[in-house]
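Chemist: Take this structure, written in structure tokens, and hold onto it; I'll ask about it next.
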Amino acid sequence: MTVALTSLPRRRLLTGSAAALAGAGLASWSQGALAQAAAAKPLPAYVGWKNASDVIVHSSTTLETKRSAFGTSGITPSNQLYLRNNLPAPDATIVADRDAWEVTVAGVKSPRKLTVRELKTLGLETVTMVLQCSGNGRGFFPSKPSGTPWTVGAAGCVVWSGVPVRAVVESLGGVSAGMRFMTGTGGEKLPEGIDPKSIMVERSVPAAAMQDALLAWEMNGEPIPLAHGGPLRLIVPGYQGVNNIKYIKQLAFTAQESDAKIMSHGYRMSPPGGKGDPSQPSVQEMSVKSWINSPLPESGTLAAGGTVQIQGVAFGGLHAVKGVEVSIDGGKTWQKARFIGPDMGKYAWRQFVLQARLPAGTYTLASRATDTAGNVQPETRGENQSGYNNTSWADHAVKVTVA
């Protein structure tokens, strides 16, 4: 059984020629894949602890989990988790004494600065959630938007532990009147001589998001690594990754959205050919999405016998996933898949499987998820200038040829 895929992790694309890739319908991004093969990048020093065989190094601040590395256990190990930093990580000295890190809480009745040590006395909760870069799926856009050409690997399912933001707010007297947004500011070191608002990482989400948000110090059972925002990160379940502020130095409840460029003009759903501005929708909540992770054998050959376990992941953003359907004929007909593994909460992804027998022929395998609010994963992507929020089941489908 020989496998050819319409949507592949770049590692698989590297094994063929440009002509072969074009024949598989991948001409639009085959050259970039081959270039990556010619110049595979080593892991940056600050993430040298990650498993190099499970990630694709796009740059010193962008690593993608290989599609084949997700496995079937549900949780994404820290050493496989994708990386996307808008700015270089701060010096490692900030994690030398994690409990001493300070965050300023403003826009509450008794604003003050709190250390992580003090935060740990105010409450504790754990949440399992999908962390996803808003550009995940950008590599499927034929318009080739600028930015990292992620396929499916700029996402993971992660366990976070920390103090609930609502508990912190309650301890400080509650949110001040008229504050409609929760605004987080990162603690990266900014270059001197430029307007800090032009480069700083500062994002605003609706204030109501604080109900499930955490100020987290632990990830997958260990202190949050520097690369992923340690010693303290704002976690906003159901929201795209950029809103989960690393190295958080200030958590403010504000009457208006931040005027930092990354908020006012960055991460906006701009029309093709347009530029971001505050009038356009901001990249915030995630939408229902799924994709298939196997069968995608590295060897290009499926096991003999014709029976396969079509397996993948699905999540719903702010809503739990209700169900997943799988198609073996490119969406002409659908079959109900079953969930496997534990339900880890509405913000986590669910793994699904459909057992199918594939006689000789060519099949387009696709998955389509539905959330508890009735939202169905769409067939097509929402075209936009920067390649954000791609939830298209057609883009994420894979073509399998059985000999």
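The values are calculated or read from the model by the stated rules, or taken from the named source; none is laboratory data. For clarity, every value in this text was computed on a predicted model and none was experimentally measured. Cβ atoms come from the backbone with ideal geometry, glycine included; neighbour counts cover every protein chain shown.
Chemist: Is the stretch 294-310 home to any residue that is under 26 Å from residue 150 (Cα atoms), in contact (Cβ under 8 Å) with a residue 24 or more places away in the chain, in contact with an Asp or Glu (Cβ under 7 Å, 6 or more places away or on another chain) and crowded, with 17+ Cβ neighbours inside 10 Å? Outline the logic, then answer.
Modeler: So in the stretch 294-310, the residues under 26 Å from residue 150 (Cα atoms) come out as 294-302, 309-310.
Remaining after also requiring in contact (Cβ under 8 Å) with a residue 24 or more places away in the chain: 294-298, 300-302, 309-310.
From what's left, in contact with an Asp or Glu (Cβ under 7 Å, 6 or more places away or on another chain): none.
Looking for residues that are under 26 Å from residue 150 (Cα atoms), in contact (Cβ under 8 Å) with a residue 24 or more places away in the chain, in contact with an Asp or Glu (Cβ under 7 Å, 6 or more places away or on another chain) and crowded, with 17+ Cβ neighbours inside 10 Å, one finds none in the stretch 294-310, hence no.
Chemist: Confirm whether residue 143 is surrounded by fewer than 17 Cβ atoms within 10 Å (Cβ to Cβ) and more than 14 Å from the chain's Cα centre (by Cα).
Modeler: When the stated conditions are applied, residue 143 passes them.
Conditions (1) out of contact with any Ser or Thr (no Cβ under 9 Å at 6 or more places or on another chain); (2) buried (at least 20 other Cβ atoms within 10 Å of the Cβ), marked per residue:
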| site | (1), (2) |
| --- | --- |
| 88 | no, no |
| 93 | yes, no |
| 107 | no, yes |
| 135 | no, yes |
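Chemist: Applying the selection to the stretch 116-170, what residues are polar (S, T, N, Q), assigned to a strand (DSSP E or B) and closer than 24 Å to residue 383 by Cα?
Modeler: 132
Chemist: Can you tell me which residue is surrounded by the most Cβ atoms within 10 Å (Cβ to Cβ) among those in the stretch 352-370 that are among the hydrophobic types (A, V, I, L, M, F, W, C) and at pLDDT 90 or above?
Modeler: 366
Chemist: Same structure, new question: Being polar (S, T, N, Q), crowded, with 17+ Cβ neighbours inside 10 Å and touching a strand residue (DSSP E or B) at 6+ places or on another chain (Cβ under 7 Å) is the filter here; which residues of the stretch 62-86 pass it?
Modeler: 62, 65, 76, 78, 80
Chemist: Only one of 380, 364 is under 30 Å from residue 143 (Cα atoms) and part of a loop (DSSP other than H, G, I, E, B); which?
Modeler: From the options 380, 364, the qualifying one is 380.
Chemist: Could you please give the count of residues in the stretch 213-224 that are closer than 20 Å to residue 103 by Cβ and surrounded by fewer than 21 Cβ atoms within 10 Å (Cβ to Cβ)?
Modeler: 2
Chemist: OK, next. As an exercise: evaluate residue 200 against (1) outside any loop (DSSP other than H, G, I, E, B); (2) in contact with a Ser or Thr (Cβ under 8 Å, 6 or more places away or on another chain) and give the number of the one condition it does not meet.
Modeler: Just one mismatch for residue 200, condition (1).
Chemist: Let me ask you something else. Got at least one residue in the stretch 333-343 being buried (at least 22 other Cβ atoms within 10 Å of the Cβ), under 28 Å from residue 284 (Cα atoms) and modelled with pLDDT of 95 or more?
Modeler: No, that holds for no residue.
Chemist: Still on this structure: How many residues, within the stretch 77-97, are outside any loop (DSSP other than H, G, I, E, B) and touching a Lys or Arg at 6+ places or on another chain (Cβ under 9 Å)?
Modeler: Start the filter on the stretch 77-97 by keeping residues that are outside any loop (DSSP other than H, G, I, E, B), which leaves 83-84, 92-95.
This time we only want the ones that are touching a Lys or Arg at 6+ places or on another chain (Cβ under 9 Å), so: 83.
Counting residues in the stretch 77-97 that are outside any loop (DSSP other than H, G, I, E, B) and touching a Lys or Arg at 6+ places or on another chain (Cβ under 9 Å) gives 1.
Chemist: Given (1) in contact (Cβ under 8 Å) with a residue 60 or more places away in the chain; (2) of a type in the set (Asp, Glu); (3) surrounded by 21 or more Cβ atoms within 10 Å (Cβ to Cβ), identify the lone condition not met by residue 325.
Modeler: (1)
Chemist: How do the strands (runs of 3 or more DSSP E) wholly within the stretch 219-325 filter down when requiring 1 or more residues that are more than 29 Å from residue 112 (Cβ to Cβ) and either out of contact with any Leu (no Cβ under 8 Å at 6 or more places or on another chain) or not acidic (Asp, Glu) (or both): which remain?
Modeler: Values: elements: 233-235, 248-254, 289-294, 307-315.
Output list reads 289-294, 307-315.
Chemist: May I ask you to say which residue of 331, 345, 374 is assigned to a loop (DSSP other than H, G, I, E, B) and closer than 20 Å to residue 158 by Cβ? I'd like the intermediate steps shown before the answer.
Modeler: Values: 331 fails: closer than 20 Å to residue 158 by Cβ; 374 fails: closer than 20 Å to residue 158 by Cβ.
Every option except 345 fails the conditions.
Chemist: Could you please tell me which pairs satisfy a Cβ distance under 6 Å, a separation of 6+ or placement on different chains, a first residue in the stretch 177-197 that is outside any loop (DSSP other than H, G, I, E, B), and a second residue that is polar (S, T, N, Q) and at pLDDT 95 or above?
Modeler: Pairs that qualify, where the first residue is outside any loop (DSSP other than H, G, I, E, B) and the partner is polar (S, T, N, Q) and at pLDDT 95 or above, are 181/204; 181/254; 183/204; 183/254; 183/258; 185/250.
Chemist: I'm trying to understand the selection: among the residues of the stretch 57-86, which are among the aliphatic types (A, V, I, L, M) and at pLDDT 95 or above? Lay out the reasoning, then the answer.
Modeler: To start, the set of residues in the stretch 57-86 that are among the aliphatic types (A, V, I, L, M) comprises 57, 63, 69, 75, 81, 83.
Correct list: 57, 63, 75, 81, 83.
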